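A.B. asks: Sharing a structure, written as structure tokens. Questions coming.
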Amino acid sequence: VKSVYTFGGGAKHDDPRSRDKTITGGKGANLAEMAEIGLPVPPGFTITTEECVRYLKDGADFSDALRAEAAQALAHIEQAVGKNFGDPSDPLLVSVRSGARVSMPGMMDTVLNLGLNDDTVTGLAAASGDDRFAWDSYRRFLQMYSDVVLGLDHGLFEEALDVAKEDRGYYNDTEMTAADWQQLVAEYKTIIADGLGKPFPQDVHEQLWGAIRAVFDSWDSDRARVYRRLNDIPGDWGTAVNVQAMVFGNMGDTSATGVAFTRDPATGERAYYGEWLVNAQGEDVVAGIRTPQYLTKAAREAAGAKPASMEEAMPEAYGELARVFELLEKHYADMQDIEFTVQQNKLWMLQTRSGKRTAKAALKMAVEMVGEGLIDEKTAILRVDPMALDQLLHPTLDPDAPRDVLTKGLPASPGAASGKIVLDADTAELWSGRGEKVILVRVETSPEDIHGMHAAQGVLTARGGMTSHAAVVARGMGRPCVSGASSVAINLSERSLQIGSRALKEGDLITIDGATGEVMAGQVPTIEPELAGDFGILMEWADKHRRMRVRTNAETPADCRMARQFGAEGIGLCRTEHMFFDASRISAVREMILADDEAGRRKALEKLLPEQRADFIEIFTTMAGLPCTIRLLDPPLHEFLPHSDAEFADLADVTGYNVDHLKRRANELHEFNPMLGHRGCRLGITFPEIYEMQARAIFEAACEVAASSGEAVVPEIMIPLVGTRRELQILRALVEETASKVFAEKDNTLDYLVGTMIELPRAALMAGEIAEEATFFSFGTNDLTQTTLGVSRDDSARFLSVYVDKGIFPRDPFVSLDIEGVGQLVTLAAERGRSTRPDIKLGICGEHGGDPASIQFCEETGLDYVSASPYRVPIARLAAAQAAL
Ligand code: ADP
Ligand code: MG
Ligand code: MG
């Protein structure tokens, strides 16, 4: 098999590997694809990801075979362009670009204009007839290569440029003449020689292989590793390298460079969307050096901007671009994110990929493309990342609330966020680790800031357009972002900032609205999200295609209502202890816990009974006949105990015991390892009267709601932390006895289920026997993970991230189910449970019930339902549909 594939310039793309993203990376595969469908792509070649993996593993030099293949591919470019690499009279220049399977900021930045040296620069000047262009290209190349390949401080180069401009009284780069650039090149070479201890490599082949090596090395850079960890990208994919003939957007007023989307990536609207710059190169547009211009006349007019749009300034090239947009959307049946360059009025395509989009845009495009006949419903379902829905389910700013607007920037990523100002990524991470909400405020962001953007609620930048790093990354992460708010002036050394005329400092509260670009002082109130429209349509399609039911974990009527709005089909987990924490009841709970004997406990439980019954009446009423799984008391009793002296004093008043006595009792309840202590069904076994009261409250409530609403209420009573059949046998008998009593008293009867959580390895192993006592299992995967891994959920934060970094776990096992380990127990318990009770109902109610990867596993295991927290219900509905497709 080949390690190098050529594209463009008449190259054949018949080897399927050349267009396979896993082999040639996303960028390389799409360049080949575009060339294949006849679009203008500068010729080039791609070195495979396999070579990267080999290079990183062997730590060895490039093989002769690889060098030979690359030499042949380079000859292809030379022949297609009609110029030779390193030719001092008319040199071929190339770009060297990284490109992994998925687009991945954090890897090596692209090197442009490679192949320039002291000889070829004069050849370039002569051949193009443009001295200024040649020396401008050379200085760009020296700076880029030094920065990304040689690892020299780019600040030195920027400083030298600033000084050069200042000396000459210039304001813009465009004022620099050929002679000025030539002089700067000389200075750059001195900077390089000083920093490197040897001169800049003049040999063009040394330049080329140096850049290739840097691309491969960058796969293992810290930046790339952080990005991979945050985005669940495996470390063994490697990156491809693309070497491509340069086209020049910096050859005067008939040349330009730009980035574009075939639809609006923020709103999803069907309108071309993009930014471009005349007489510019490469990343000038996204770097925020000059303010980019609008692509279309309509967009320019809507923004009330002056500088001509591309549609107006270069109608021919724009027409060609619009034709390419249509072709690409049809070809990929998806919205495309495109990079292009116009060299002397001729359009060249440099990149296309499926564009990142906000959740709102993803929904709109998916629904509209079905309408346009571009894709079918199933594809539409698969197009939307379930986790991204999260962005839509959260509140937006209340339009009627007063706003103290400080300034307005670009609406770079929608959603609203409030938080304390932080001025760097590390502070963002630190403060958010302390549980504070923060807004990261930077001049502009770079890949080094990603961890801070992740930790922040939102991002505000002073510079950069809609396609700047901050905007693109924030949209991908679902963080609200306002970019290019030019009236924000940051003083890092004093940890303060000025927004317009207002002085602020780190720690001050602000609110940003990524949908309008507004930045406001203080915290602005929010309103609930809109769940109809495209969201409703896509959810309907998802419901049609999924097999598993989706329930919710909820214990308050408010949560139940919210979950039902989000489409929950029942309660999968109602944690009754949450009702015990209520301030008005806690003293009765404490009285119960601290009682000396059963009689004392019963007296306190009498007080709790009507309260619990009222809770269940509300829940059954809210859920209107949908199934409700109610778990009896689980946490260790000491969690409810008073802590402060004042609380003890209050309790003494209520119970009539003195404080010393209460403190002694509290001490007796102390446990060394409460997670494995006196909790769950162990409470029910030792203090049956507690579970008896809860069962009674449930049955009385169910009878009452059934009678008043006329609707069938079928409570599902769940016994937690069972490890043996006998435990469940005893407690089931208790529940059944209580039911009979209540039914006799009420002269009524109703159906109910008794089941258990599978959350101990022993329970999973003994599932066959346990199923003889249980009509349902609900996998409590939080505890099952904790007990199977022997990792305390509450203490794991200290080491789990290191475990994930080192690849010991692919993801945090408390967030995404450890399928190969814990998953085995789930599979086994499901099999054994079904073997003794074929119609046993199976569900999952841990955090994992809202995690798409875990939901996929649940589908494969054949569970009947997943249960997720209210906000995760739509995510689970969509993920369940995707899993079923
Ligand atoms: P990224 O993955 O960060 O977008 P790219 O490899 O796409 O990096 O390149 C960065 C910039 O350089 C883009 O604006 C791209 O259009 C430009 N560029 C890359 N290769 C060439 C080339 N051969 N000719 C002109 N511009 C190029
Ligand atoms: Mg880049
Ligand atoms: Mg690119």
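The values are calculated or read from the model by the stated rules, or taken from the named source; none is laboratory data. Only a predicted model underlies this, so the values are computations on that prediction, with no experimental measurement involved. So basically every Cβ, Gly included, is an ideal-geometry build from the backbone, and we count neighbours across all protein chains shown.
A.B. asks: What do you reckon, is residue 241 farther than 30 Å from residue 374 by Cα, among the β-branched types (Val, Ile, Thr) and within 11 Å of ligand 1 (Cβ to nearest atom)?
C.D. replies: yes
Yes or no, residue by residue, for (1) at pLDDT below 85; (2) among the β-branched types (Val, Ile, Thr); (3) closer than 26 Å to residue 361 by Cβ:
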| site | (1), (2), (3) |
| --- | --- |
| 380 | no, no, yes |
| 390 | yes, no, yes |
| 407 | no, yes, yes |
| 411 | no, no, yes |
| 421 | no, yes, no |
| 424 | no, no, no |
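A.B. asks: Please work out if residue 592 is part of a helix (DSSP H, G or I) and within 24 Å of the chain's Cα centre (by Cα).
C.D. replies: So residue 592 fails the test.
A.B. asks: Quick one: which of 227, 145 is in a helix (DSSP H, G or I), farther than 21 Å from residue 281 by Cα and hydroxyl-bearing (Ser, Thr, Tyr)?
C.D. replies: 227
A.B. asks: Next question. Can you tell which of 624, 599, 614 is farther than 30 Å from residue 549 by Cα and out of contact with any strand residue (DSSP E or B) (no Cβ under 7 Å at 6 or more places or on another chain)?
C.D. replies: Result: 599 is the single residue among 624, 599, 614 that is farther than 30 Å from residue 549 by Cα and out of contact with any strand residue (DSSP E or B) (no Cβ under 7 Å at 6 or more places or on another chain).
A.B. asks: Further, regarding this structure: What number of residues within the range 66-107 are more than 10 Å from ligand 1 (Cβ to nearest atom), more than 21 Å from residue 119 (Cβ to Cβ) and touching a Leu at 6+ places or on another chain (Cβ under 9 Å)?
C.D. replies: Number satisfying all stated conditions: 1.
A.B. asks: Right, another one. Which is away from ligand 2 (no atom under 16 Å from the Cβ), farther than 30 Å from residue 352 by Cα, out of contact with any His (no Cβ under 6 Å at 6 or more places or on another chain) and modelled with pLDDT of 95 or more, of 58, 87, 64?
C.D. replies: 87
A.B. asks: Continuing with the same structure: Among what's in the range 263-295 and is under 21 Å from residue 474 (Cβ atoms) and polar (S, T, N, Q), pick the residue that is nearest to ligand 3 (Cβ to nearest atom).
C.D. replies: Ranking the candidates gives 291 first.
A.B. asks: Also, I was wondering about something else. Within the range 339-354, which residues are within 16 Å of ligand 2 (Cβ to nearest atom) and either out of contact with any Phe, Trp or Tyr (no Cβ under 7 Å at 6 or more places or on another chain) or part of a loop (DSSP other than H, G, I, E, B) (or both)?
C.D. replies: Passing the criteria: 339, 351, 352, 353.
A.B. asks: Do we have any residue at all in the range 114-134 that's buried (at least 23 other Cβ atoms within 10 Å of the Cβ), of a type in the set (S, T, N, Q) and within 13 Å of ligand 1 (Cβ to nearest atom)?
C.D. replies: No: the range 114-134 contains no residue that is buried (at least 23 other Cβ atoms within 10 Å of the Cβ), of a type in the set (S, T, N, Q) and within 13 Å of ligand 1 (Cβ to nearest atom).
A.B. asks: Give the residues of the range 261-320 that are modelled with pLDDT under 90, within 25 Å of residue 364 (Cβ to Cβ) and within 16 Å of ligand 1 (Cβ to nearest atom), sorted by residue number.
C.D. replies: Within the range 261-320, 286, 292 qualify.
A.B. asks: For the range 546-574, what are the residues that are under 25 Å from the mean Cα position of the chain (by Cα) and part of a helix (DSSP H, G or I)?
C.D. replies: 559, 562, 563, 565
A.B. asks: Does the range 233-240 contain any residue that is within 16 Å of ligand 2 (Cβ to nearest atom) and assigned by TED's automatic domain parsing to the domain that holds residue 144?
C.D. replies: Yes: one or more hits.
A.B. asks: Go through (1) among the aliphatic types (A, V, I, L, M); (2) under 30 Å from residue 654 (Cβ atoms); (3) surrounded by fewer than 20 Cβ atoms within 10 Å (Cβ to Cβ); (4) at pLDDT 90 or above one by one and return the number of the condition residue 604 breaks.
C.D. replies: Of everything listed in (1) among the aliphatic types (A, V, I, L, M); (2) under 30 Å from residue 654 (Cβ atoms); (3) surrounded by fewer than 20 Cβ atoms within 10 Å (Cβ to Cβ); (4) at pLDDT 90 or above, residue 604 misses just condition (3).
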